[in-house]
Amino acid sequence: MKKICTVVGARPQFIKLAVVSRVLREGFQEVLVHTGQHYDHNMSDVFFEEMDIPKPDYNLGISGGNHGQMTGQMLEGIEGVLLKEAPDMLLVFGDTNSTMAGALAAVKLHIPVCHVEAGGRLGTLANPEEVNRIVTDHVASLRFACTPSGMEFLKKEGISDASYLAGDPMYDAFRYYTDRLDGKELDDLRDFSGAPLNLPETFYYMTCHRQENTDTDRKLDQIFQAMESLDAPAVYPVHPRNHDRAERLCREKGYQNILLAQPVGYKCSISLVGRAKKIVTDSGGLQREAFFAGKPCVTVFDHVAWPETMVNNCNQLAEPDKADILAKLGVETSFDPAYQPFGDGHSAEKIVEKIKEFLG
Ligand code: UD1
Ligand code: UDP
């Protein structure tokens, strides 16, 4: 049986892994490496537990620090695993530092790299994930784009060979786990003290964790001011990156309409998407899930990451600016159920089939 080494490290990768690994393990031996990039229980273990992801074979325990430091340590750690395991292929998802470190370690050892979620481009190297996406795509031997726009970018960069449109594993996951919700997922919501957080009937779902929006008070506070002035509370499970800043800003400014929560598991998150009035986020995953669920979304970011979600104002960009966010939340949207640019919910099967063909 051929051996595939899969490298993951961050929350969105565990979600993609859940659906791809389930199919992959039917025909391959998978060696799972967790870099350790995300390590809090609610950022890591909760996904493995509730999504039935097999326990990693290796956890490298590498997290935090500057980008170069984190990536360098991962590169060294992953290389050690690859030398020991000698896999036939390395599989990575998305665009985190764990993704790029895995890809670089493998290509230097002449191990073919498979990149799932290939072809996303913002057009700026100022975005740390853009660097990871470009490097990973260009060293990969097999690339899977989620959407037609991803395929277009790969073509423009001259790497459309061995690139396939498979659909989005995030859509696979959304469909698979939506069918398996038991209605109790929102009971998992906890405030920062650990006490249960009672949800109002009507609410907005907000997430915000990008370096670009959270590294200073000004932008995050503009987003908070917009949420504070809405007609219903905003539930905000806070990424540990900006836990302290969010807590301090809400306390100092006396915001009452923002319900700060601990990060939640995937099933709770998609339940929040399903129940929310609208979504405000800077997350690549959440803006797609809003689209999957037919919920209007405002993405606080200066570049379009998922062009397919932007039709009919289903997803709109906003500046981190109170007036702009409120204006965009007021815009009419309409969803066309016949328009399904993220595939049919079976991207994992397509990806695994092509891997089989590739490895012969
Ligand atoms: C990373 C990805 C980003 C992705 C996000 C998903 C990169 C460059 N960025 O950003 O693309 O959208 O994951 O959530 O790889 N921390 C904790 N506990 C944890 C995880 C992180 O305290 O469980 C802290 C870290 O110690 C660090 C900070 O949060 O100080 C940021 O974490 P890091 O992994 O560097 O970046 P993310 O913002 O999570
Ligand atoms: N998510 C989650 N718990 C949370 C916040 C988000 O499970 O507290 C899920 C969300 O539904 C989506 C994914 O995490 O599936 C997106 O991850 P994130 O926003 O961290 O990263 P990005 O997609 O921006 O890279």
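Yes or no: S283 near ligand 2 (Cβ under 9 Å from one of its atoms) and among the small types (G, A, S)?
Taking the combined requirement at face value, the residue satisfies it.
How about the range 232-263: which of its residues are touching a Pro at 6+ places or on another chain (Cβ under 8 Å), within 16 Å of ligand 1 (Cβ to nearest atom) and not in a strand (DSSP E or B)?
The answer is V238, H239, P240, Q262, P263.
Quick check on the range 25-84: of everything there that is of a type in the set (G, A, S) and crowded, with 19+ Cβ neighbours inside 10 Å, which residue is farthest from I15 (Cα to Cα)?
Checking each candidate, the answer is G77.
Looking at this structure, is D88 surrounded by fewer than 23 Cβ atoms within 10 Å (Cβ to Cβ), in contact (Cβ under 8 Å) with a residue 12 or more places away in the chain and more than 16 Å from ligand 2 (Cβ to nearest atom)?
Taking the combined requirement at face value, the residue satisfies it.
Give me the pairs, please: first residue somewhere in the range 66-83 and more than 20 Å from H110 (Cα to Cα), second residue anywhere and assigned to a helix (DSSP H, G or I), beta-carbon distance under 7 Å, and either six or more positions apart or on two chains.
From residues that are more than 20 Å from H110 (Cα to Cα), the pairs are H67/N97; H67/P128; M70/N97.
For the range 5-29, which residues satisfy the criterion of being within 16 Å of ligand 2 (Cβ to nearest atom) and hydrophobic (A, V, I, L, M, F, W, C)?
Hits for the range 5-29 are V7, V8, A10, F14, I15, L17, A18, V19, V20.
Only one of (1) within 16 Å of ligand 1 (Cβ to nearest atom); (2) touching a helix residue (DSSP H, G or I) at 6+ places or on another chain (Cβ under 8 Å); (3) within 29 Å of N127 (Cα to Cα) is not met by M51, so which one is it?
Checking M51 against (1) within 16 Å of ligand 1 (Cβ to nearest atom); (2) touching a helix residue (DSSP H, G or I) at 6+ places or on another chain (Cβ under 8 Å); (3) within 29 Å of N127 (Cα to Cα), the one that fails is (3).
Across the range 20-53, what is the total count of residues that are among the hydrophobic types (A, V, I, L, M, F, W, C) and touching a Gly at 6+ places or on another chain (Cβ under 9 Å)? It would help to see each step written out before you state the result.
Residues of the range 20-53 that are among the hydrophobic types (A, V, I, L, M, F, W, C), as a first pass: 20, 23-24, 28, 31-33, 43, 46-48, 51, 53.
Filter once more, so that each one left must be touching a Gly at 6+ places or on another chain (Cβ under 9 Å): 33, 46-47, 51.
Residues flagged as among the hydrophobic types (A, V, I, L, M, F, W, C) and touching a Gly at 6+ places or on another chain (Cβ under 9 Å) within the range 20-53 amount to 4.
Can you spot a residue in the range 203-211 that is without any contact (Cβ under 8 Å) to a residue 60 or more places away in the chain, within 16 Å of ligand 2 (Cβ to nearest atom) and not hydroxyl-bearing (S, T, Y)?
No, because not a single residue in the range 203-211 is without any contact (Cβ under 8 Å) to a residue 60 or more places away in the chain, within 16 Å of ligand 2 (Cβ to nearest atom) and not hydroxyl-bearing (S, T, Y).
Only one of L317, L326 is within 23 Å of Q222 (Cβ to Cβ) and within 15 Å of ligand 2 (Cβ to nearest atom). Can you tell me which?
So the residue among L317, L326 that is within 23 Å of Q222 (Cβ to Cβ) and within 15 Å of ligand 2 (Cβ to nearest atom) is L317.
Working only within the range 214-240, note down all residues that are modelled with pLDDT of 95 or more, within 14 Å of ligand 2 (Cβ to nearest atom) and surrounded by 15 or more Cβ atoms within 10 Å (Cβ to Cβ). Working first, answer last.
Initially, the range 214-240 is screened for residues modelled with pLDDT of 95 or more, giving 217-240.
Adding the requirement that they be within 14 Å of ligand 2 (Cβ to nearest atom) leaves 234-240.
Answer for the range 214-240, where residues must be modelled with pLDDT of 95 or more, within 14 Å of ligand 2 (Cβ to nearest atom) and surrounded by 15 or more Cβ atoms within 10 Å (Cβ to Cβ): A234, V235, Y236, P237, V238, H239.
Restricting to helices (runs of 4 or more DSSP H) lying wholly in the range 9-109: which have 3 or more residues that are under 30 Å from F192 (Cα atoms) and among the charged types (D, E, K, R)?
Here the list reads 45-50.
Test A290 against the criterion of being of a type in the set (A, V, I, L, M, F, W, C), crowded, with 21+ Cβ neighbours inside 10 Å and without any contact (Cβ under 8 Å) to a residue 60 or more places away in the chain, and give yes or no.
When the stated conditions are applied, A290 passes them.
Of the residues F153, F203, which single one is buried (at least 18 other Cβ atoms within 10 Å of the Cβ), farther than 20 Å from I15 by Cβ, in contact with a Leu (Cβ under 8 Å, 6 or more places away or on another chain) and modelled with pLDDT of 95 or more?
F203
The values are calculated or read from the model by the stated rules, or taken from the named source; none is laboratory data. Since the model is a prediction, treat every value here as computed from it, not as a measurement. Cβ sites come from the backbone with ideal geometry, for glycine too, and all protein chains shown count toward neighbours.
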